[in-house]
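Okay, handing you the structure first.
The values are calculated or read from the model by the stated rules, or taken from the named source; none is laboratory data. These numbers come from a predicted model, not from an experiment. Here the Cβ positions follow ideal geometry from the backbone for every residue, glycine too, while neighbour counts run over all protein chains shown. Please note that ligands, DNA and RNA were not included when accessible areas were found on the heavy atoms of the full protein model with its side chains. Shrake-Rupley method; radii C 1.70, N 1.55, O 1.52, S 1.80 Å.
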Amino acid sequence: MNRVVKLEPFILTVPRDEPYLGALREGEEPNAKGYFVRKGNKTVYPTVDRSVLVRVETDTGIVGWGETYGIVAPRATTAIIEDLLADFVVGRDPLQPSEIHDDLYNLMRVRGYTGGFYLDALAAIDIALWDAAGRLQEKPVCELLGGRIHETLPGYVSGLPKPTLAERVAFAQEWQARGFDSFKFAAPVADDGIVAEISELRKALGPDARIAADMHWAHTPDEAIAAILEMEPHGLWFAEAPIATEDVQGLARVCKGVSSPVGAGEEWRTIFEAQLRFNAQAVNIVQPEMGHTGITQFTRIARAAHALGIRVIPHATIGSGIFLAASLQATLALEGVDGHEFQHSIFLRNQGLITDGLECSNGEYRVSDSVGIGVEPTDKLVSQLERP
Ligand code: MG
């Protein structure tokens, strides 16, 4: 049996010229720690990009890498890994990532640690173990998950980080000229309103472009229904995260009250959270985020969704490219997939942080057939890692 001999967490900080989602509006000044609140969704962001990486090493010297969300308070996640979880992974068989995941989940379930930072820590460990498992067997992770069923994956352009609507429209047109036909705008920074946003985008991009609205949990169910109905005449691909995540019945009401599909799921960590929404018929498109779920929960969520006829379009958040690679790898083996988010501002920046193996051009992701998650951190990335 192979054994894990070492597991270490790291923090990666990557400076940004402009904060995520674009320039700050009035009243959005960063505090002394570099955090600011977007008025449009009342959510805190840092002025830099950050994530938490995990490196596992086996007794035969094989190394696997994982990564999780870390934009705020990354030391909460690294402390959970260092103080608690690492010692429960050392000595285990890296070829059993799902079993290890469930054992780590069980350690804290009766205390209510069924989400948040605890599950983020599990996600990073899970990805690192799957990566190591692939490398040990000299196979890509998609093979371990049942085999690759997609040659390429459609990528949609997410986020149009420009200060004015005219500039956002022109920016979307630039991506359209590069072969992309699907787009998503962010409601919190649509200063002229979401109807003006989709209407202008539709006029510029033409009738065939797919345009989704990320509504950032900002509405009550009634407001969300009204807003979506107002967008629908302009051709809405899907409405993402229209209302507060806790209101499952409200989300079901939104689904029933509109014609367009409702997307949700980037903030869920586990199949348990997904199942609540599936049972309530509260979602039409599920958007699992690998940085929060890890490979084990990501595939459980996506497979359960597919079995119920719910479409899968994985989310892509702020990271170095390690959890994005894991997301694309896992998605290659999944049915019922309509595409994968393409965060161009992060993806393009990550070139140089991870080895070659991911490409997104002409509207499609191409993913290498290499072992594990298909990429690894470059020396440049490793030199930037901070041991907490
Ligand atoms: Mg979103």
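Given axes a ≥ b ≥ c from the Cα gyration tensor, I'd like to know whether the chain is rounded (a/c under 1.5), prolate (a/b larger than b/c) or oblate.
It is prolate, given that a/c is not under 1.5 and a/b is the larger ratio.
Right, here's the next one. Take each of the peptides 331-340, 56-65, average the number of other beta-carbon atoms within 10 Å over its residues, and list them starting from the highest.
Descending mean neighbour count gives 331-340, 56-65.
Can you give me the angle between helix 221-231 and the longest principal axis of the chain, using Cα atoms only, in degrees from 0 to 90, rounded to the nearest 10?
70
If you don't mind, another one. Along Cα→Cβ, 7 Å out, is where each label goes; now give me the distance between the ones at ALA196 and GLU232 in nm to one decimal.
So the label points at ALA196 and GLU232 sit 2.4 nm apart.
With a Förster radius of 30 Å, plug the Cβ-Cβ distance of GLN249 and GLU335 into 1/(1 + (r/R0)^6) and report the FRET value to the nearest 0.05.
Efficiency computed from Cβ-Cβ geometry: 0.55.
Taking a temperature of 4 °C and a viscosity of 1.567 mPa s, what whole-number D in µm²/s does Stokes-Einstein yield for region 255-305 with Rh from Kirkwood over alpha carbon pairs?
Diffusion coefficient, whole number: 118 µm²/s.
Please compute the per residue accessible area over the chain with all protein chains in place, 1.4 Å probe, rounded to a whole number of Å².
Accessible area per residue: 39 Å².
I've got another one for you. Sort the following peptides by mean Cβ neighbour count (other Cβ atoms within 10 Å, averaged over residues), highest first: 349-362, 114-127.
Peptide ranking by packing, descending: 114-127, 349-362.
Run a plain Debye calculation on region 4-142 (Cα atoms as equal point scatterers, no solvent) and give log10 I(q)/I(0) at q = 0.11, 0.16, 0.17, 0.20 Å⁻¹, rounded to two decimals, same order as the q list.
The computed values of log10 I(q)/I(0) come out as -0.48, -0.83, -0.89, -1.07.
Report, in degrees rounded to the nearest 10, the 0 to 90 angle that the Cα long axis of helix 290-307 makes with the longest principal axis of the chain.
The two axes meet at around 70 degrees.
What distance in nm lies between label points placed 7 Å from Cα along the C-beta direction at ASP59 and ASP369?
For the pair ASP59/ASP369, the computed spacing is 3.3 nm.
Along the three principal axes, how long is region 186-329 when you take its alpha carbons, biggest first, rounded to the nearest angstrom?
Cα extents, longest axis first: 40, 34, 25 Å.
By how many degrees, between 0 and 90 and to the nearest 10, does the Cα long axis of helix 165-177 differ from the longest principal axis of the chain?
It is inclined by approximately 60 degrees.
Around HIS292, under 9 Å between beta carbons, what's the net of Lys plus Arg minus Asp minus Glu among the other residues?
-3
I've got another one for you. Can you work out the FRET efficiency for the pair THR220 and GLU29, with r the C-beta to C-beta distance and R0 = 30 Å, to the nearest 0.05?
0.60
Which residues in region 128-165 have a backbone N closer than 20 Å to a point placed 7 Å from the Cα of GLU174 along the Cα-to-Cβ line?
Of the residues in region 128-165, 155-165 have backbone N under 20 Å from the label point off GLU174.
Please give the contour-minus-distance gain from THR47 to VAL5: 0.36 nm per residue of separation, less the Cα-Cα distance, rounded to one decimal in nm.
Answer, rounded to one decimal: 11.5 nm.
Can you tell me which of LYS33, LYS256, LYS139 moves the most in a GNM of the chain? Springs connect C-alpha atoms under 10 Å apart.
LYS33
So which GluC sites (Glu not before Pro) in region 244-332 pass both tests, a DSSP loop state and at most 12 other Cβ atoms within 10 Å of the Cβ?
GLU246
If you place +1 on the Cβ of every Lys and Arg and -1 on the Cβ of every Asp and Glu, how big does the dipole about the Cα centre of the chain come out, in debye to the nearest 20?
280
Here is a follow-up. Just grab the label-to-label distance for GLU359 and VAL382, each label 7 Å out from Cα along the Cβ direction, in nm (one decimal).
2.6
Count the net charge of all other residues whose Cβ sits under 12 Å from the Cβ of VAL44, scoring Lys and Arg as +1 and Asp and Glu as -1.
Summing Lys/Arg as +1 and Asp/Glu as -1 gives +3.
Heavy atoms only, 1.4 Å probe, whole protein assembly: order VAL44, VAL54 by accessible area, highest first.
Largest accessible area first, the list is VAL44, VAL54.
Among ALA79, ALA330, ALA166, which one shows the highest mean-square fluctuation when the chain is modelled as a Gaussian network with alpha-carbon springs under 10 Å?
The residue that fluctuates most here is ALA166.
To continue, here is another question. Note down the net charge around ASP338, summing +1 for each Lys or Arg and -1 for each Asp or Glu among other residues with Cβ under 10 Å from its Cβ.
+2
How high is the relative contact order of region 4-142? Use alpha-carbon pairs under 8 Å, at least six apart in sequence, and give a whole percent.
Relative contact order comes out at 28 percent.
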